[in-house]
Amino acid sequence: MASDPTRPGPLDPAVAIALLEQARTLAAGGDWEPAAAAFSRVVGCADPDLHLAALLGLAECRYRMDDETGALQAWLAATQAPEGPLSWRAWTALAGARVREGDLVGATRAYREAERRAPEAERPAIAARLGWLSKEQGDGRSADRWFSRSRGPGLGGRPVVTLAILLVTLVIGVAGVFSAEIELLTYEWFALWKPGVAAGEWWRLITVVLVHGGALHLAFNLYALWIVGPIVEALYGPVRFLGLYLLCAIAGSTASYLFLPAPLAVGASGAIFGLFGVLLVADRVHRPALTRGARNLTTQIGGLIVLNIAIGFISPGIDNAAHIGGLIAGAWLGLTIVPAGAITLGGLWQGVMDDRRRRLLVAACGVAVVLGFALLGLALGPIRI
């Protein structure tokens with residue numbers, strides 16, 4: 001076999017792998033024509049996995065060069081290649097091409113083939129696309145079935161993290177209501193006491209969500225969390241939901257620390273407003289699959305947010321700084337962190353390349369911005385306006 005990629009004939013496997021990596025590097029840099037030439041040279045390699053990877057890379061290059069016909073031919077060839085770990089990507093890309101042609105039936109068939117071959121982690125996203133295709137074709141029953149599957153394993157079930165947060169908050173809150181000593185202790189250690197934060201007690205930015213100013217305040221926040229928490233947890237999964245809740249709490253507490261004149265603040269409303277911001281923006285931008293009840297709630301979120309912010313400006317004693325800080329952070333995180341199984345507007349039917357690394361990078365940037373705001377706020381200290 002040939003070890004020189006410039007000479008015709010079968011390639012040595014090591015040479016084919018090196019040439020494939022070179023082609024990917026060229027494609028990552030936007031050099032589509034030389035990348036396409038390198039991918040083409042690997043097409044036909046004796047190793048079926050390398051052959052399939054080269055076809056997918058070639059199709060991507062042709063698509064980027066506005067050669068839809070050439071890209072479609074490469075995707076079709078990839079679906080007919082021997083089965084391998086990348087076969088599902090070929091079917092996904094072919095389905096996207098069928099949608100752009102207006103062939104929804106063909107797209108549905110291709111996505112079903114992709115769903116059968118895809119790794120477990122990728123199936124929710126494909127199921128969501130099948131749900132939207134079924135809805136476009138007027139098959140509401142199939143759409144509901146696919147949307148249900150799009151929430152994936154561990155999603156859409158019992159909201160364990162939301163229930164845990166509710167339980168811990170409820171126990172601490174009720175204990176404080178019935179025992180002045182416990183209430184004093186929770187305020188002493190958990191409340192957002194500005195002099196304590198300035199002295200390095202940064203944990204108060206998070207623990208403040210466990211402390212409330214009386215039974216009515218506690219009941220209102222628990223009810224709000226019970227409404228929005230399960231929906232966000234179903235969309236993001238328990239681990240990411242907990243991360244979102246804590247990040248929104250940190251952002252809301254930092255805003256309160258910076259802009260609230262009072263030296264003491266309590267409550268989980270900053271984190272809860274953050275969850276509302278997450279859901280509001282994620283629904284508009286990423287279009288995740290939602291149940292009917294969740295969809296009804298998202299249509300009302302904007303009005304609820306405006307109403308509560310307005311009440312906060314009118315009524316004394318309400319920490320609107322935490323509300324707005326949490327809301328902005330939640331909206332930012334909802335923009336930068338894609339829900340599981342979501343369909344993004346930017347690449348609705350393309351799916352021609354694995355964008356997991358790009359999503360992780362954008363999500364990491366989103367988290368970094370929120371944490372950076374908190375660190376900057378702690379460095380600046382309270383701001384009088």
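Computed from the coordinates by the stated procedures, all read-outs in this text should not be read as laboratory data. Fair warning: this is a prediction, and the values are worked out from it, not measured in the lab. With ideal geometry, Cβ positions are generated from the backbone for all residues, glycine too; neighbour counts draw on all protein chains shown.
Label 7 Å along Cα→Cβ of T69; the stretch 100-137 residues with amide nitrogen under 20 Å?
100-103
In nm, what is the difference between 0.36 nm times the number of residues separating D31 and E201 and their Cα-Cα distance?
Numbers: separation 170, 0.36 × 170 = 61.20 nm, distance 5.13 nm.
Here the answer is 56.1 nm.
Note down the nm distance, to one decimal, between modelled labels 7 Å out along Cα→Cβ at E101 and at T299.
Between E101 and T299, the label points sit 3.6 nm apart.
Which of these, C61, C248, C45, has the largest mean-square fluctuation under a Gaussian network model of the chain (Cα springs below 10 Å)?
Taking springs between Cα atoms under 10 Å, the residue moving most is C45.
Need one number: nm distance between label points at V171 and R357, each 7 Å from Cα along Cα→Cβ, rounded to one decimal.
4.4
Based on the Cβ-Cβ distance from D49 to C365, what FRET efficiency comes out when R0 is 35 Å, to the nearest 0.05?
Once rounded, the FRET efficiency stands at 0.60.
With everything on Cα atoms, drop me the angle between helix 215-236 and the longest principal axis of the chain, reported from 0 to 90° to the nearest 10.
Its long axis makes an angle of about 0 degrees.
Can you give the net charge of the other residues whose Cβ lies under 14 Å from the Cβ of V197, counting K and R as +1 and D and E as -1?
Surrounding charge for V197 is 0.
So which residue, out of L26, L133, L327, gets the largest mean-square fluctuation from a GNM of the chain using Cα contacts under 10 Å as springs?
Answer for the Gaussian network model of the chain: L26.
I want to verify a result. In a Gaussian network model of the chain, Cα cutoff 10 Å, which of these has the top mean-square fluctuation: P339, P238, P263?
P263
For a quick check of your reading of the filter: which GluC sites (Glu not before Pro) in the stretch 54-129 sit in a DSSP loop and have no more than 14 other Cβ atoms within 10 Å? Walk me through the numbers before you get to the answer.
Values: sites: E60, E68, E83, E101, E113, E115, E120, E122; in loops: E83.
Sparse-neighbourhood loop GluC sites (Glu not before Pro): E83.
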